[in-house]
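Trainee: Before we start, here is the structure in question, set down as structure tokens.
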There are 2 protein chains.
Amino acid sequence: MRAVVFDKSIEIESHLPVPPVPLSWALIRVHLAGICGTDLQLRRGYRAFRGIPGHEFVGTVAESDHFAWKGKRVVGEINVGCGTCAGCHQGLQSHCGNRKVLGISGLDGCMADYCVLPVNNLFNVPDDMSDERAVFIEPLAAALEVIAQVKLSGKERAIILGDGPLGILCAWALSMVLDRVTLVGHHPEKLKLAKWRQIRTITPDRIQDTSADLVVEATGTTTGIKHAMALCRARGTIVLKSTVEEGAHLNLSPLVVNEITVVGSRCGPFKAAMDFISANRDMPLEDLISNIYPMSDAKTAFADAANGKTLKTLISIFP
Amino acid sequence: MRAVVFDKSIEIESHLPVPPVPLSWALIRVHLAGICGTDLQLRRGYRAFRGIPGHEFVGTVAESDHFAWKGKRVVGEINVGCGTCAGCHQGLQSHCGNRKVLGISGLDGCMADYCVLPVNNLFNVPDDMSDERAVFIEPLAAALEVIAQVKLSGKERAIILGDGPLGILCAWALSMVLDRVTLVGHHPEKLKLAKWRQIRTITPDRIQDTSADLVVEATGTTTGIKHAMALCRARGTIVLKSTVEEGAHLNLSPLVVNEITVVGSRCGPFKAAMDFISANRDMPLEDLISNIYPMSDAKTAFADAANGKTLKTLISIFP
């Protein structure tokens, strides 16, 4: 099969073997895959990753010993727990210490003709949801995780830092439960997308309000937390969404002095994200797509995704 | 009056004016003052502090227009809010943006013959509580703040990093609500104090358990959070108690990947701390005292407090 492979560089391989399918797993023919900030981090050396990247996808089950799944169009939860530890028994497979993570750790990803996942990780995509919308279920789930983690009354003022796809999805999601949401970013053309939910937008240099109840850090930088600490009120909450492994020189004493709570936030609820997309047919997910490249142009796709001007870059694999 | 004064060095002044007493404030004759990690930070330049330090004290009200307070033995909450902002109206004067803080910001501290505080900040010390115990009400309140901030079921496993007085007080406080508490430190002679509550102790190099539900960082270092991130389980909680303004090179991605919650924690409930001391007459607070110096030896006292081997160093002002 064909696949994008990260080694020292990005390579497009043409003759890789189709992965074997374990019992209770599914072989998935990938239609469309998304490039995420984490993929760009992996590309730069995060987790010393080698192999097939990709964890945002929509595809069709080509093979499985769970026959009912065959032919179903699916998206998939990316964490695969060991299934035997205490965490897995409590339903926390996404935090299992021995977990594999699709395209991130111990399991080849979806930027290939085929990938494999346990059938328990799969979600059947409704027939009336396009591939171009379904491919956003994974990042939207990550955005909805913020609402799952932070108890909100509805009266909070929230600021989202970062006008990339994740920041915009977080802003849209929070606007469903909060009236006062502000999206902060450098790019007027990206900020425009916040308008779907009448979300206030502002460039970082113009922020004056430093009393947000909730600040979501989705800039993809190590220093976003500095900005977040400056904007968050005493006893407010900062949610960290950026997985950036490089360190930064940080003074965390404002967290202590202002008794701020910082919540690390990663993957989220797929079912809720799928339902959210079904329920909001006017949500302009397609406008988040900057470009769709064929797999043969994956190098260009990654360069495009990394240039800071684009929103979501997709790779079309089996259109 | 006499006072310890931080300028470029530590000076002992002998002829400073007694501070004026505003309406509804009290002039307090200080008996005993404690040196805290924050004082050592201020000494090193934290907040560019100049003036009289000290925020841990017990004393007697010498003067006030609220006559009932005259002659009372007191301790005092150290934050003085503006009294007019929205935060102050909500009872959050300790987080008022215009607050003064005794011996830390905008208000001379208690390492002097006299200091002043609003009568609303004062707590009458019970007659049967010695000065040597009452002077621990402020740091014990800071320790109890951990229990006030983090919702605990009683089943959590907690690790406290740092065997200084604050770490030991946090361990004692947590042991009241949790069965499984471990205190981590480098000093066997300090760790011994954890025995009052049968708290498990260990040196940092011997820790093997990396699945604590709660990690309290009380090392007074900027890098304690690195150690805390390594010991905290996925979706666990880290409480930061150290106000250290210097930055450190930190990689916070473990917070995101493991969805850890970090809670900044500062001052706590005085009344609860006073009641805690009254209720636990066998709590060996006196054993936390390494030395008591007269004010004339304040330079030695600060050197002593900073040497890493001592626990609490006190300055006796009006014995």
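The values are calculated or read from the model by the stated rules, or taken from the named source; none is laboratory data. Predicted model, so just to flag it, every value in this text is computed and none were measured. Neighbour counts run over all protein chains shown; Cβ positions are idealised from the backbone, glycine included.
Trainee: Inside the stretch B:254-274, can you point out the residues that are in a loop (DSSP other than H, G, I, E, B) and among the charged types (D, E, K, R)? Walk me through it before giving the result.
Mentor: Residues of the stretch B:254-274 that are in a loop (DSSP other than H, G, I, E, B), as a first pass: B:258-260, B:265-269.
Scanning the stretch B:254-274 gives B:E259, B:R266.
Trainee: If B:I315 passes every condition in (1) within 14 Å of chain A (Cβ to nearest Cβ); (2) part of a strand (DSSP E or B) but one, which one does it miss?
Mentor: The number of the failed condition is (1).
Trainee: To continue, here is another question. Hey, among the residues in the stretch A:1-47 that are within 22 Å of A:L240 (Cβ to Cβ) and of a type in the set (G, A, S), which one's surrounded by the most Cβ atoms within 10 Å (Cβ to Cβ)? Steps first, please.
Mentor: Here is the first cut: in the stretch A:1-47, the residues within 22 Å of A:L240 (Cβ to Cβ) are A:34-47.
This time we only want the ones that are of a type in the set (G, A, S), so: A:34, A:37, A:45.
Values: A:G34: 25, A:G37: 22, A:G45: 11.
Looking at residues that are within 22 Å of A:L240 (Cβ to Cβ) and of a type in the set (G, A, S), I get A:G34.
Trainee: Here is a follow-up. Does B:A212 satisfy the criteria of being out of contact with any strand residue (DSSP E or B) (no Cβ under 6 Å at 6 or more places or on another chain) and modelled with pLDDT of 90 or more? Outline the logic, then answer.
Mentor: Numbers: out of contact with any strand residue (DSSP E or B) (no Cβ under 6 Å at 6 or more places or on another chain): no; modelled with pLDDT of 90 or more: yes.
No.
Trainee: Still on this structure, I have one more. Quick check on the stretch A:223-268: of everything there that is of a type in the set (S, T, N, Q) and closer than 15 Å to A:G167 by Cα, which residue is surrounded by the fewest Cβ atoms within 10 Å (Cβ to Cβ)? If you could, list the steps in order and put the result at the bottom.
Mentor: Step one: list which residues in the stretch A:223-268 are of a type in the set (S, T, N, Q), which gives A:223, A:237, A:242-243, A:251, A:253, A:258, A:261, A:265.
In the following step, the residues that additionally are closer than 15 Å to A:G167 by Cα were identified as A:242-243, A:265.
Values: A:S242: 25, A:T243: 23, A:S265: 27.
Looking at the filtered set, the residue picked out is A:T243.
Trainee: Identify the residue in the stretch B:21-44 that is touching a residue at least 24 places away in the same chain (Cβ under 8 Å) and assigned to a loop (DSSP other than H, G, I, E, B) and, among all such residues, is nearest to the chain's Cα centre (by Cα). Before the answer, list the steps.
Mentor: So the first thing to find is which residues in the stretch B:21-44 are touching a residue at least 24 places away in the same chain (Cβ under 8 Å), and the list is B:21-43.
Add one more test, that the residue is assigned to a loop (DSSP other than H, G, I, E, B), and what stays is B:21-24, B:36.
Working: B:V21: 25, B:P22: 26, B:L23: 28, B:S24: 25, B:C36: 6 Å.
Restricting to residues being touching a residue at least 24 places away in the same chain (Cβ under 8 Å) and assigned to a loop (DSSP other than H, G, I, E, B), the top hit is B:C36.
Trainee: Same structure again: Is at least one residue of the stretch B:294-307 in contact with a Gly (Cβ under 6 Å, 6 or more places away or on another chain), within 29 Å of B:F6 (Cα to Cα) and modelled with pLDDT of 95 or more? Walk me through how you get there before you give the answer.
Mentor: Residues of the stretch B:294-307 that are in contact with a Gly (Cβ under 6 Å, 6 or more places away or on another chain), as a first pass: none.
No.
Trainee: Quick one: how many residues across the stretch A:129-154 are closer than 14 Å to A:V58 by Cα and either among the acidic types (D, E) or part of a strand (DSSP E or B) (or both)?
Mentor: The total comes to 3.
Trainee: Output yes when any residue across the stretch A:5-24 is among the hydrophobic types (A, V, I, L, M, F, W, C) and within 30 Å of B:L231 (Cβ to Cβ), and no when none is. Before the answer, list the steps.
Mentor: The first filter runs over the stretch A:5-24 and keeps only residues among the hydrophobic types (A, V, I, L, M, F, W, C), leaving A:5-6, A:10, A:12, A:16, A:18, A:21, A:23.
Remaining after also requiring within 30 Å of B:L231 (Cβ to Cβ): none.
Scanning the stretch A:5-24, I find no residue that is among the hydrophobic types (A, V, I, L, M, F, W, C) and within 30 Å of B:L231 (Cβ to Cβ), so the answer is no.
Trainee: Under the condition of being at the interface with chain A (Cβ under 10 Å from one of its Cβ atoms) and of a type in the set (D, E), which residue from the stretch B:212-261 is nearest to the chain's Cα centre (by Cα)?
Mentor: So, considering only residues that are at the interface with chain A (Cβ under 10 Å from one of its Cβ atoms) and of a type in the set (D, E), the one nearest to the chain's Cα centre (by Cα) is B:E217.
Trainee: A further question on this structure: Could you say whether any residue in the stretch A:255-277 is more than 30 Å from B:K241 (Cα to Cα) and touching a Lys or Arg at 6+ places or on another chain (Cβ under 7 Å)?
Mentor: yes
Trainee: Condition test on A:I159, is it crowded, with 24+ Cβ neighbours inside 10 Å, of a type in the set (A, V, I, L, M, F, W, C) and touching a residue at least 24 places away in the same chain (Cβ under 8 Å)? Even if it seems obvious, please write down each step before you answer.
Mentor: On the way: crowded, with 24+ Cβ neighbours inside 10 Å: yes; of a type in the set (A, V, I, L, M, F, W, C): yes; touching a residue at least 24 places away in the same chain (Cβ under 8 Å): yes.
The answer is yes for A:I159.
Trainee: Mind checking whether some residue in the stretch A:8-19 is within 24 Å of A:V125 (Cα to Cα), hydrophobic (A, V, I, L, M, F, W, C) and free of Cβ contacts under 8 Å to residues at least 60 places away in the same chain? Spell out the reasoning first.
Mentor: Initial filter on the stretch A:8-19 (within 24 Å of A:V125 (Cα to Cα)): A:18-19.
Checking the rest, the ones that are also hydrophobic (A, V, I, L, M, F, W, C) come to A:18.
Filter once more, keeping what is free of Cβ contacts under 8 Å to residues at least 60 places away in the same chain: none.
No - not one qualifying residue is present in the stretch A:8-19.
Trainee: Right, another one. For the stretch B:216-252, name all the residues that are touching a residue at least 40 places away in the same chain (Cβ under 8 Å) and basic (K, R).
Mentor: Within the stretch B:216-252, just B:K241 meets the criteria.
Trainee: For the structure I just gave you, tell me whether A:G308 is touching a Leu at 6+ places or on another chain (Cβ under 9 Å) and farther than 20 Å from B:I238 by Cβ.
Mentor: Values: touching a Leu at 6+ places or on another chain (Cβ under 9 Å): no; farther than 20 Å from B:I238 by Cβ: yes.
When the stated conditions are applied, A:G308 does not pass them.
Trainee: Can you tell me which of (1) on the phi < 0 side of the Ramachandran plot; (2) touching a residue at least 40 places away in the same chain (Cβ under 8 Å); (3) over 14 Å from the mean Cα position of the chain (by Cα); (4) not in a strand (DSSP E or B) is the one A:R47 doesn't meet?
Mentor: Among (1) on the phi < 0 side of the Ramachandran plot; (2) touching a residue at least 40 places away in the same chain (Cβ under 8 Å); (3) over 14 Å from the mean Cα position of the chain (by Cα); (4) not in a strand (DSSP E or B), A:R47 violates only (1).
Trainee: Continuing with the same structure: Hey, among the residues in the stretch A:262-291 that are touching a strand residue (DSSP E or B) at 6+ places or on another chain (Cβ under 8 Å) and more than 8 Å from chain B (Cβ to nearest Cβ), which one's modelled with the lowest pLDDT? It would help to see each step written out before you state the result.
Mentor: Applying the first criterion (touching a strand residue (DSSP E or B) at 6+ places or on another chain (Cβ under 8 Å)) to the stretch A:262-291 yields A:262-265, A:267, A:270-271, A:274, A:288-291.
So of that shortlist, the ones also more than 8 Å from chain B (Cβ to nearest Cβ) come out as A:267, A:270-271, A:274, A:288-291.
Numbers: A:C267: 92, A:F270: 96, A:K271: 96, A:M274: 97, A:L288: 97, A:I289: 98, A:S290: 97, A:N291: 97.
Within the stretch A:262-291, the match that is modelled with the lowest pLDDT is A:C267.
Trainee: Hey, A:P17 hits all of (1) over 18 Å from A:N79 (Cβ atoms); (2) touching a strand residue (DSSP E or B) at 6+ places or on another chain (Cβ under 9 Å) but one; which does it fall short on?
Mentor: It is condition (2) that A:P17 fails.
Trainee: Separate question: State all residues of the stretch B:226-249 that are at pLDDT below 95 and over 23 Å from A:S94 (Cα atoms); if no residue qualifies, say none.
Mentor: B:K241, B:S242, B:T243, B:V244, B:E245, B:E246, B:G247, B:A248, B:H249
Trainee: When the stretch A:275-312 is examined, which residues are found to be among the polar types (S, T, N, Q) and in a loop (DSSP other than H, G, I, E, B)?
Mentor: Filtering the stretch A:275-312 down to residues among the polar types (S, T, N, Q) leaves A:278, A:280, A:290-291, A:296, A:300, A:307, A:310.
Answer for the stretch A:275-312, where residues must be among the polar types (S, T, N, Q) and in a loop (DSSP other than H, G, I, E, B): A:N280, A:N307, A:T310.
Trainee: Oh, and also: Against the definition (within 25 Å of B:L193 (Cβ to Cβ), of a type in the set (S, T, N, Q) and within 15 Å of the chain's Cα centre (by Cα)), how does B:T313 come out, yes or no? Walk me through it before giving the result.
Mentor: Working: within 25 Å of B:L193 (Cβ to Cβ): yes; of a type in the set (S, T, N, Q): yes; within 15 Å of the chain's Cα centre (by Cα): yes.
Answer is yes for this residue.
Trainee: Right, A:V101: touching a residue at least 24 places away in the same chain (Cβ under 8 Å), within 14 Å of chain B (Cβ to nearest Cβ), within 27 Å of A:K312 (Cβ to Cβ) and not hydroxyl-bearing (S, T, Y) or not?
Mentor: Working: touching a residue at least 24 places away in the same chain (Cβ under 8 Å): yes; within 14 Å of chain B (Cβ to nearest Cβ): yes; within 27 Å of A:K312 (Cβ to Cβ): yes; not hydroxyl-bearing (S, T, Y): yes.
The answer is yes for A:V101.
Trainee: Of everything in the stretch B:64-98 that's touching a residue at least 40 places away in the same chain (Cβ under 8 Å) and among the hydrophobic types (A, V, I, L, M, F, W, C), which residue is farthest from the other protein chains (Cβ to nearest Cβ)? Break it down into steps so the answer makes sense when it comes.
Mentor: Going residue by residue through the stretch B:64-98, those that are touching a residue at least 40 places away in the same chain (Cβ under 8 Å) are B:64-66, B:69, B:72-80, B:94.
Now narrow it down to the ones that are among the hydrophobic types (A, V, I, L, M, F, W, C): B:69, B:74-75, B:78, B:80.
Values: B:W69: 29, B:V74: 25, B:V75: 21, B:I78: 13, B:V80: 15 Å.
Restricting to residues being touching a residue at least 40 places away in the same chain (Cβ under 8 Å) and among the hydrophobic types (A, V, I, L, M, F, W, C), the top hit is B:W69.
Trainee: In the stretch A:129-185, what count of residues is obtained for those that are of a type in the set (D, E) and more than 24 Å from A:R233 (Cα to Cα)? Steps first, answer last, please.
Mentor: Start the filter on the stretch A:129-185 by keeping residues that are of a type in the set (D, E), which leaves A:131-132, A:138, A:145, A:156, A:163, A:179.
Keeping just the survivors that are more than 24 Å from A:R233 (Cα to Cα) gives A:131-132, A:138.
Matching residues across the stretch A:129-185 total 3.
Trainee: Can you find even one residue in the stretch B:89-100 that is in contact with a helix residue (DSSP H, G or I) (Cβ under 8 Å, 6 or more places away or on another chain), of a type outside the set (S, T, N, Q) and at positive phi? Before you say what the answer is, go through the steps one by one.
Mentor: Step one: list which residues in the stretch B:89-100 are in contact with a helix residue (DSSP H, G or I) (Cβ under 8 Å, 6 or more places away or on another chain), which gives B:93, B:95-97, B:99.
Of the ones still in play, those that are also of a type outside the set (S, T, N, Q) are B:95-97, B:99.
The next check asks that each one be at positive phi; those that pass are none.
No, the stretch B:89-100 has no match at all.
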